[in-house]
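Since every read-out is calculated from the coordinates, none of them should be taken as a lab result. Source: prediction; values computed, not measured. Methodologically, a virtual Cβ is constructed for each residue, glycine included, from the backbone with ideal geometry; neighbour enumeration extends over all protein chains shown.
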Amino acid sequence: MVAVSVVMSAYNPGPLLERSLGSVLAQTHTDLEVVVVDDASTEDITSCPGMDDPRVRHIRLSVNRGVGEVLNTGVWEARSEYVAFLAHDDDWMPEKLERQVPALVERPEAPFCYTDFEWVFANGEVKPDRQGQVTYKGLLAHQTVSFCSLLLRRDAYFKIGGLSSSLVWAQDYDFLLRALDGRPLPVHVPEVLTRYYLHGANHSSNYRGSVGYRKMVLRMHRTKALRNGRDDVVAACEAGLERAQELYAFQAFDRARLAYREGRSVRMLSELGEVARTRPSVLIGAAKQKFWP
């Protein structure tokens with residue numbers, strides 16, 4: 001077996017850490033270590049079931065640094081040739097690493113290996129996401145990769161440059177684009193082996209910032225493509241910017257509905273104003289399909 005270091009980020013995870021950590025410790029690929037990087041939580045996460053497993057190392061940062069610094073620290077501390085990532089509120093299927101390790105071993109030139117994943121909504125609905133083969137232009141325009149599905153070589157992580165500590169959001173998107181630009185295609189394992197949970201702490205609440213940073217990353221790649229005369233990449237960036245704007249409107253609409261249910265009329269009107277400003281068609285479509293309230 002090839003040893004894998006699983007880097008987990010944790011910040012006041014509450015009961016969610018038990019589920020995510022448990023999914024790592026239950027992997028059928030057992031030659032692994034787990035580096036849990038605690039981003040200065042006010043909770044004591046050492047009492048979480050599984051934290052006393054001999055394969056788990058707990059590294060606590062003295063001040064809150066954000067996900068970029070957290071994962072960079074975890075990879076720096078990793079002792080294995082291969083690294084994988086998992087947030088404290090997501091989890092894996094038991095066979096994830098078992099499927100990925102041999103696939104990546106066979107393709108040493110690949111920047112990373114990824115799997116299909118599924119969205120798990122707050123109401124319990126589950127939606128599989130199968131993107132197929134991801135490319136640089138595809139990721140710019142419309143494709144999605146779950147960062148928690150990644151497996152890559154530790155040295156490749158540093159060659160790509162690690163996660164940006166200057167970005168507040170979209171660090172994973174920025175990393176993936178840098179990993180794909182000018183490099184061989186990544187390895188795709190076409191199985192749903194990762195779960196991404198959507199809930200109040202990670203969905204919509206910071207949409208202004210997250211979409212804004214995503215657009216900033218896209219504009220940087222568009223500027224580079226314009227400078228190099230890559231019209232196809234410019235077109236992909238433009239498509240990605242359009243998609244980000246649409247996503248912004250849908251998330252604003254979700255926040256408006258939530259504010260309506262909570263009786264916060266001022267916030268509801270503010271969010272609806274954002275929808276009307278960016279994508280009025282979202283309001284029209286919602287009315288036609290009776291998505292309101």
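Some notes on this structure:
- Cut-off under 5 Å, modelled amide H: who pairs with Arg57 long-range: Val34, Val35, Val36
- Contact order relative to length of the chain, as percent, for alpha carbon pairs under 8 angstrom and 6 or more apart: 17
- Per-residue HN-Hα couplings for the stretch 32-48 [Karplus 6.51, -1.76, 1.60; θ = phi - 60°; Hz; x = Gly/Pro]: 8, 10, 10, 9, 8, 9, 8, 7, 6, 4, 7, 8, 8, 7, 5, 8, 5
- Extension gain for Val63-Val168 works out to 36.2 nm (0.36 nm per residue, less the C-alpha to C-alpha distance).
- Counting 0.36 nm for each residue step from Ala239 to Leu198 and taking away their Cα separation leaves a gain of 12.3 nm.
- Under Karplus coefficients 6.51, -1.76 and 1.60, residue-wise ³J(HN,Hα) of the stretch 131-148 in Hz, glycine/proline x: 8, x, 6, 8, 10, 4, 5, x, 5, 4, 8, 7, 6, 10, 10, 6, 4, 6
- Shape category assigned to the stretch 17-61 from the gyration tensor of Cα positions, a/c cut at 1.5: prolate
- Under 12 Å from the Cα of Lys96 - aspartates and glutamates, other chains or at least 8 residues apart: Asp116, Glu191
- Computed lengthening from Asn228 to Asp129, 0.36 nm per intervening residue step minus Cα-Cα distance: 32.3 nm
- Per-residue [θ]222 nm for the chain (sum of -39500 (n - 2.57) over DSSP H runs n ≥ 4, rounded to 500): -14000 deg cm²/dmol
- Under 5 Å from the amide H of Leu150 lie the amide H atoms of Phe85, each residue being 5 or more positions distant or on a separate chain, with H modelled from the backbone and absent for Pro and chain starts.
- Here each label is just a point 7 Å from Cα along the line to Cβ, and for Glu77 and Asp53 those points are 1.6 nm apart.
- For the options Glu238, Glu271, Glu125, a Gaussian network treatment of the chain with springs between C-alpha atoms closer than 10 Å singles out Glu125 as fluctuating the most.
- Distance from the stretch 50-126 to the stretch 158-192 (C-alpha centre basis), Å: 14
- Placing dummy labels 7 Å off each Cα toward the beta-carbon, the span from Arg107 to Ser270 is 4.5 nm.
- Largest to smallest principal axis extent of the C-alpha atoms in the stretch 91-177, angstrom: 40, 33, 23
- Geometric extent, Cα atoms of the chain - Rg, Dmax (angstrom): 19.7, 57
- Rounded if a/c under 1.5, otherwise prolate or oblate - the stretch 1-87, Cα gyration tensor axes: oblate
- Protection-proxy order for peptides 7-20, 139-152, 221-234, 35-48, each taking the mean of Cβ atoms within 10 Å per residue, highest first: 139-152, 7-20, 35-48, 221-234
- Unit charges at the beta carbon, dipole of the stretch 54-213: most positive-side option, His58, Val126, Pro102: His58
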